[in-house]
Structures are given as structure tokens and as C-alpha cells.
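Visitor: This is the structure I want to talk about, given as C-alpha cells.
Computed from the coordinates by the stated procedures, all read-outs in this text should not be read as laboratory data. Please read all numbers here as calculations on a predicted model, not as lab measurements. Here the Cβ is made from the backbone with ideal geometry for all residues, glycine too, and neighbour counts use every protein chain on show.
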Amino acid sequence: MRVDQLVPAFHWGDAIGDTAFHMKRFFLSQGFQSEIYCLTRDRGLEEESKIFSSFPKPSPSDVTILHFALPSPLTHAFASLPSGKTMIYHNLTPHGFFKDFSQEMVRISRIGREELVSLAPKVALALADSEFNRQELLNIGFKKAKIFPLFVDFKKYKKPMSRLMYNLFKDDRTNILFVGRVAPNKRIDDLIKVIFYYKKYISPLVRLIIVGKIASLPKYYKSLVTLADEFYLKPEEICFTGHISDEEMFAIYKASNLFLSLSEHEGFGLPFIESMIFDLPIIAYDCTAVPYTLGGAGVLIKNKRKDYVGELVNIVANDMKLREGIIEGQRRRLKKFKEMEREKFLLQMINRI
């Protein structure tokens, strides 16, 4: 019996790619034939995947899993397969976030939504990596949708950090970290405004570190650079690292004082889990999948007023007793996340389909 996965773009260190990789390993360990088929992949993943053009037609007794996060030719091909079909939904960012920055992304987002809706009558079971995503699937017509949290490779976070990167950022400044794509839904513009308030009214020794790709939406990135310039914030106060290695990212987690997210749309939020791994206190805007991923941990806020957030950041960064309480809560949440029986659920899913 074959259990294959379809992934439009297979990337190293990507939450979707890591999940697909771990699922393949598990299926193979259970005696299934299993492969990852993709349209594009990072260099070095040739041994772990095959290009979709070589995908052999499955039989009705096989199972095919589509990881859905963007529109692609895989959607139509998947819908017509004779195998038992399931989909893992990793979320689509609503097109409204892109309207001022990229008409192409508006188009892609709309097409993605249309493709997602078209799959509702085609799949035997829809899976979502958060309760927020599950509710979205039910609202657009999927009859069966269950939660299947992301696989996280916890072993990789035990690798040595980059000492050079750690020394570069570990200084007298309060380091406020955000990890994620530089995209409008992440509301990095709001983070910059918080830094301006913090520098002017609390302390000039502050730094915002944004770890994530900056090339996806150049117009939005340029607007952030302009905004920082208008607030007279220097490069050492607003630091865009771009895409960096795991070792460098681990160093920045360890050198930071807290993780701050004012994002207005998250499908899951892997950096929240990573912050818990590194005992980094989290402050996050309460929206979409954020409260489900945090599961009662961290500090959820409903008010994005910059003075309110700035003062809260200062308290969490400097009140050691409060920090310890937040970190302890995050450790309990991380323990529950690790204990989720993903493998058992996968076997039940395969048997049901």
C-alpha cells in the first residue's frame, strides 16, 4: 500500500516541509511505501523527494495526502486521483492584506481560496494544523475536518548556536524578536512603531530583530525601511536579518529578551513553539490561530496601542519574577504539545480512509 504526499514546494527548515519529511519517515517505518512528490524543491532534497511529473497513478487502495498552502497544478491533479484522498490545510493569507503591496499576491490568494473550496467534496478527510484552520475548513464546506498539529523536529534545536551571531546581538540593548516572513499580515509596521515609543519614552537601548525572508514582497519591505527612517530609527535599532541558518537563528533566540508578535493573521505560528523551546517570553496579539497555539501560555493582548505594548514589553523584559512565571507556563504548554500522539492519529486516519 502506498501513502504518498504532494507538496507544491519542498523546503529545508520549512514547517510544511518538515512535517512532510517526518510523516514520510513514519509511514516507511510502518511498512508502507511512501514518497514526497513536489513541483519544486531546495537543493539537497533530491534524495528525499521526487518531481511530480514522475508521480505514478495510485490505486483505490492507496492514500494520497495533499499539503495545501497555496494554489498550484497539484490541486486539480489531486482532485482527480482514484486513491483515498486527504488534505492537510496549512492556511491561506486573505487577499486583503496584499492589496496595497502586490496585485499578483492578491490574485494568488484569491485563486488559492477558489481551489480550496473546490476540494471540499473531493477529500475523504480534511486535516488542519490548528483549530483556527479547522473552523475555516468547516465554514467553507468541508464536512469532516480534524486537527493534526505540525510535526516539530525538536532534536534540531539542540544543535550548537552560532557564537559569532550571539556575541553580535548580546549587548546592553533590549532585544525584541520577531520571526516570520516580511509580509503585511505580520504587521511589522506595528512592531516598528512600538520600538519608536520604547526608544523615545523608555530607553534608547532597544533593538527590534526581524528574522525572515524579505524578498517576497519588496514593496512592503521598502515601506518598512521608509517608516523606520521617518521615525529616525537606525539600522542597529531595526535589524532585518533576512533568511539565516538554523545556528544563527538559535543564537538570536538566545540573545533576545522577548518575542513580540502583533501579527493579524497566523495559521499556526511555529516561532511561538520555538520561543517556548528557548525559554523566551512571548507577547502576542490575540487573533486567528495564536491563542490555540499558545494554549494559555505567554501573554495575549487584545490592545495594540503602542504605548500599552511598549510599557508591557519593558515590564516583561525586566521583571525577573514575572519572566519566570511566563516561562514556566510556556514550558507546560510545550510539554503538552510534545505529548500529542501524532503517529497514532496518522495510523487511525489511514485505516479510516
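Visitor: So how strong a dipole does segment 90-217 carry about its Cα centre when Lys and Arg Cβ are +1 and Asp and Glu Cβ are -1, to the nearest 20 debye?
Guide: 380
Visitor: Sticking with this one: Quote the charge dipole size of segment 3-151 about the Cα centre in Debye, to the nearest 20; the model charges only the Cβ of Lys and Arg (+1) and of Asp and Glu (-1).
Guide: Numbers: 16 positive and 16 negative charges, 98 e Å.
For this selection, approximately 460 debye.
Visitor: Run the count for segment 3-151, please: Lys pairs, Cα-Cα under 19 angstrom, 8 or more apart or on different chains.
Guide: For segment 3-151, the number of qualifying lysine pairs is 12.
Visitor: Would you mind computing, in nm to one decimal, how far apart the modelled labels at Lys222 and Lys321 are, each placed 7 Å from Cα along Cα→Cβ?
Guide: The modelled label-to-label distance comes out at 5.1 nm.
Visitor: Still on this structure, I have one more. With no solvent and one equal point scatterer per Cα, compute the Debye intensity ratio I(q)/I(0) for segment 135-270 at 0.20 Å⁻¹ and report its log10, rounded to two decimals.
Guide: With no solvent term, the Cα-only Debye profile gives -1.22.
Visitor: Viscosity 1.306 mPa s, temperature 10 °C: give me the Stokes-Einstein translational D for segment 3-151 in µm²/s, with Rh taken as the Kirkwood radius over C-alpha pairs.
Guide: 101
Visitor: Which residue, Ile108, His95, Gly84, has the largest displacement toward the positive end of the dipole of segment 3-151 when charges sit on each Cβ (Lys, Arg +1; Asp, Glu -1)?
Guide: Sorting the options by dipole projection puts first Gly84.
Visitor: Taking 8 Å as the Cα distance limit and 6 or more residues as the minimum spacing, I'd like the relative contact order of segment 43-148 as a percentage. Numbers along the way, then the final one.
Guide: Numbers: 143 pairs, mean separation 25.1, N = 106.
Rounded, it is 24 percent for segment 43-148.
Visitor: Then there is this: State the answer as a single residue: which of Ala124, Gly296, Pro71 lies farthest towards the positive end of the charge dipole of the chain, with beta carbon charges of +1 for Lys and Arg and -1 for Asp and Glu, about the Cα centre.
Guide: The one lying farthest along the dipole's positive direction is Ala124.
Visitor: Between the alpha-carbon centers of segment 25-51 and segment 262-324, tell me the distance in whole angstrom.
Guide: Cα centroid of segment 25-51 versus Cα centroid of segment 262-324: 35 Å apart.
Visitor: Quickly rank 241-249, 49-57, 119-127, 61-69 as a protection proxy: mean count of other C-beta atoms within 10 Å, highest first.
Guide: Per-residue Cβ counts within 10 Å, averaged per peptide and sorted highest first, yield 61-69, 119-127, 241-249, 49-57.
Visitor: Need the full-extension length gain, Glu341 to Arg43, defined as separation in residues times 0.36 nm minus the C-alpha distance. One decimal, nm.
Guide: Working: separation 298, 0.36 × 298 = 107.28 nm, distance 3.16 nm.
Once the chain is fully extended between Glu341 and Arg43, it gains 104.1 nm.
Visitor: Here's another thing I want to ask about it. Testing the spin-label approximation: label points 7 Å from Cα along Cα→Cβ at Asn351 and Lys158. State their distance in nm.
Guide: Label-label distance for Asn351 and Lys158, simple model: 3.1 nm.
Visitor: Using unit Cβ charges (K, R positive; D, E negative) and no other charged atoms, how large, in debye to the nearest 20, is the dipole of the chain about its Cα centre?
Guide: Value, rounded to 20: 520 debye.
Visitor: Given a Förster distance of 35 Å, report the FRET efficiency between Glu230 and Ser203 from their Cβ-Cβ distance, rounded to the nearest 0.05.
Guide: FRET efficiency, Glu230 to Ser203: 0.95.
Visitor: Still on this structure, please answer the following. Suppose each label sits 7 Å from its Cα in the direction of the beta carbon; what would the Ser54-Gln135 distance come out to in nanometres?
Guide: That separation, rounded to one decimal, is 4.3 nm.
Visitor: So, one more: Using DSSP to call loops (not H, G, I, E or B), can you name the GluC sites (Glu not before Pro) in segment 10-82 whose Cβ has at most 16 other Cβ atoms within 10 angstrom?
Guide: Details: sites: Glu35, Glu46, Glu47, Glu48; in loops: Glu35, Glu46, Glu47, Glu48.
For GluC sites (Glu not before Pro) across segment 10-82 that sit outside H, G, I, E and B with at most 16 neighbouring Cβ atoms in 10 Å, the list reads Glu46, Glu47.
Visitor: Can I ask one more? Cut-off is 10 Å between beta-carbons; in what order do Lys146, Lys159 appear when sorted fewest neighbours first?
Guide: The most exposed by this proxy come first: Lys159, Lys146.
Visitor: Relative contact order of segment 234-292, please, whole-number percent, based on alpha carbon pairs below 8 angstrom and at least 6 residues apart.
Guide: Across segment 234-292, relative contact order equals 36 percent.
Visitor: Pull up the DSSP beta bridges for segment 155-338 and report the antiparallel fraction as a percent, rounded to 5.
Guide: Antiparallel bridges make up about 0 percent of those DSSP assigns within segment 155-338.
Visitor: List the residues, sorted by chain then number, that are 5 or more residues from Ser34 or on another chain and whose placed amide H is less than 5 Å from its amide H.
Guide: HN-HN under 5 Å from Ser34: Val3.
Visitor: Can you give me the relative contact order of segment 155-338 as a percent, contacts being Cα pairs under 8 Å and 6 or more apart?
Guide: So the answer I get is 24 percent.
Visitor: So how much slack lies between Trp12 and Leu28, counting 0.36 nm per residue of separation and subtracting their Cα-Cα distance, in nm?
Guide: Values: separation 16, 0.36 × 16 = 5.76 nm, distance 2.00 nm.
Going from the current span to full extension adds 3.8 nm.
Visitor: Between Leu6, Thr241, Asn133, whose Cα lies farthest towards the positive end of the dipole of the chain when Lys and Arg beta carbons carry +1 and Asp and Glu beta carbons carry -1, centred on the Cα centre?
Guide: Asn133
Visitor: For the chain, take the convex hull of the Cα atoms, compute a quarter of its surface area, and give me that in nm², please. Let's see the in-between values first.
Guide: On the way: hull surface 69.4 nm².
With every direction weighted equally, the projected area is 17.3 nm².
Visitor: Sticking with this one: Do any GluC sites (Glu not before Pro) in segment 255-353 lie in a DSSP loop with no more than 15 other beta carbon atoms within 10 Å, and if so, which?
Guide: Glu341
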